[in-house]
Amino acid sequence: MQFRDLVKQYNVLKPEIDKAMIDTAASGGYIMGKAVKELEASLAEYVGVKHCISCANGTDALTLALKAWNIGPGDAVFVPDFTFFASAEVISLEGATPVFVDVDTDTFNMDTHSLKVAIEKTREEGKLTPKVIITVDLFGLPANYVEIRKIADKNNLLILEDGAQGFGGELNGKRACSFGDISTTSFFPAKPLGCYGDGGAVFTDNSEWAAIIDSLRVHGKGSFKYDNVRIGVNSRLDTLQAAILLVKFDAFKKYEVADINKAAVLYTKKLSGVVKTPIIPEGYYSSWAQYTITLENREQRDELQTFLKEHGIPTMVYYPKPMHEQTAYKDLNYPVGSCPTTENLCGTVLSLPIHPYIEESDIELVCGKIKEFFGKA
Ligand SMILES: *Cc1c(COP(=O)(O)O)cnc(C)c1O
């Protein structure tokens with residue numbers, strides 16, 4: 001069994017993907033070719049925003065947004081303590097300071113009370129200027145944008161939605177990557193919509209920021225590539241990846257998001273009463289980047305993971321370490337207990353195999369083994 005079976009997906013889509021790759025090779029337009037513009041237009045339409053600017057990866061997408069807003073030294077950027085390292089790394093790379101915010105134990109997303117406390121504390125200390133909230137749509141579930149938007153408005157902060165895992169998710173009928181003042185996603189192969197290498201995109205309704213980001217991704221170009229009006233980076237999406245994504249995006253829209261939701265519903269049905277299953281609050285729809293259960297303690301989690309591995313079932317721990325405990329952030333001196341929910345989750349979460357092409361029998365096998373572990377078979 002595969003944790004996320006990308007080869008199975010390729011085998012289903014093979015004729016179209018092979019054609020897309022060969023057509024790109026024959027076209028000669030390897031950089032910013034036709035497929036790039038076509039993909040950007042259809043991604044923007046799907047998400048429901050005016051502008052989509054593709055780029056080299058999801059980390060660059062976040063960086064481009066922070067650069068467009070001139071975030072730098074002396075600025076505070078609020079970010080969940082429970083996320084992939086890149087969500088915070090980009091803040092430090094721009095010279096700003098991440099302020100880690102605890103998460104909600106049910107949704108795994110930024111806890112709004114902790115966010116308010118963190119903003120207040122930062123203001124009281126007076127060393128940093130609060131500027132941006134980076135929200136993360138962890139494991140495919142949009143963050144609590146109803147509350148976070150209110151907090152952002154009240155405190156005059158911008159929202160940068162890190163939708164690397166959230167693409168395809170929804171909140172109250174609106175799609176992920178439309179909730180931030182700027183939003184981003186990643187096309188890393190294992191993300192909900194993945195390509196065959198690295199790729200990413202930035203989304204916004206703001207035409208001025210879109211133009212700056214379009215310039216920044218090509219060396220700060222002005223009217224053309226050799227007219228440089230600002231210091232930028234080289235961060236384009238390859239035409240080849242865009243061509244592959246156009247094929248995969250079709251399948252994503254037609255059935256993949258629906259099918260992975262069916263898989264998640266089946267997991268939850270079979271595991272309820274056995275372990276704590278993921279909670280999708282009213283009005284939310286997940287694209288299931290991960291299906292993550294929560295165990296009672298670290299010992300039980302680790303034993304279950306070993307047991308499943310012995311039976312050929314791959315699982316992952318996303319994430320084993322809170323951001324504030326990362327060695328790279330030891331100078332920020334967060335004491336133990338700074339983000340208690342994150343600290344607890346890191347010791348108790350376990351992500352199970354899930355993807356749009358998983359068989360019912362695989363889910364039954366995984367759930368059967370979990371029940372066997374708990375003596376409930
Ligand atoms: C994967 C990921 C990123 C980074 O995306 P890359 O394309 O790998 O650079 C950023 N944030 C989150 C939450 C992610 O999961």
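The values are calculated or read from the model by the stated rules, or taken from the named source; none is laboratory data. Everything quoted here is computed from the prediction, not taken from an experiment. Cβ atoms come from the backbone with ideal geometry, glycine included; neighbour counts cover every protein chain shown.
Okay, residues lined up against (1) loosely packed, with under 14 Cβ neighbours inside 10 Å; (2) in contact with a Pro (Cβ under 6 Å, 6 or more places away or on another chain); (3) of a type outside the set (Gly, Ala, Ser):
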residue: 221; (1), (2), (3): no, no, yes
residue: 230; (1), (2), (3): yes, no, yes
residue: 237; (1), (2), (3): no, no, yes
residue: 241; (1), (2), (3): no, no, yes
residue: 250; (1), (2), (3): no, no, yes
residue: 254; (1), (2), (3): yes, no, yes
residue: 258; (1), (2), (3): yes, no, no
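Going through 140, 173, 163, 168 one at a time, which residue ends up being at pLDDT 95 or above, within 12 Å of the ligand (Cβ to nearest atom) and over 23 Å from residue 76 (Cβ atoms)?
140
When you scan region 42-53, do you find a residue that is over 24 Å from the mean Cα position of the chain (by Cα) and at pLDDT 95 or above, even just one?
no
Where residues in region 93-137 are part of a loop (DSSP other than H, G, I, E, B) and of a type in the set (Val, Ile, Thr), which of them is surrounded by the fewest Cβ atoms within 10 Å (Cβ to Cβ)?
Here the residue is 105.
Go through (1) in contact with a Leu (Cβ under 9 Å, 6 or more places away or on another chain); (2) away from the ligand (no atom under 15 Å from the Cβ) and name the single condition residue 108 misses.
Only one criterion is unmet by residue 108, namely (2).
Here are 197, 222: which of them is of a type outside the set (Val, Ile, Thr) and either in contact with a strand residue (DSSP E or B) (Cβ under 6 Å, 6 or more places away or on another chain) or within 16 Å of the ligand (Cβ to nearest atom) (or both)?
Only one candidate qualifies: 197.
Return the residues of region 180-193 that are surrounded by fewer than 24 Cβ atoms within 10 Å (Cβ to Cβ) and away from the ligand (no atom under 12 Å from the Cβ); say none if nothing qualifies.
181
Of the residues in region 283-308, how many are aromatic (Phe, Trp, Tyr) and either touching an Asp or Glu at 6+ places or on another chain (Cβ under 8 Å) or surrounded by fewer than 21 Cβ atoms within 10 Å (Cβ to Cβ) (or both)?
Qualifying residue count, region 283-308: 3.
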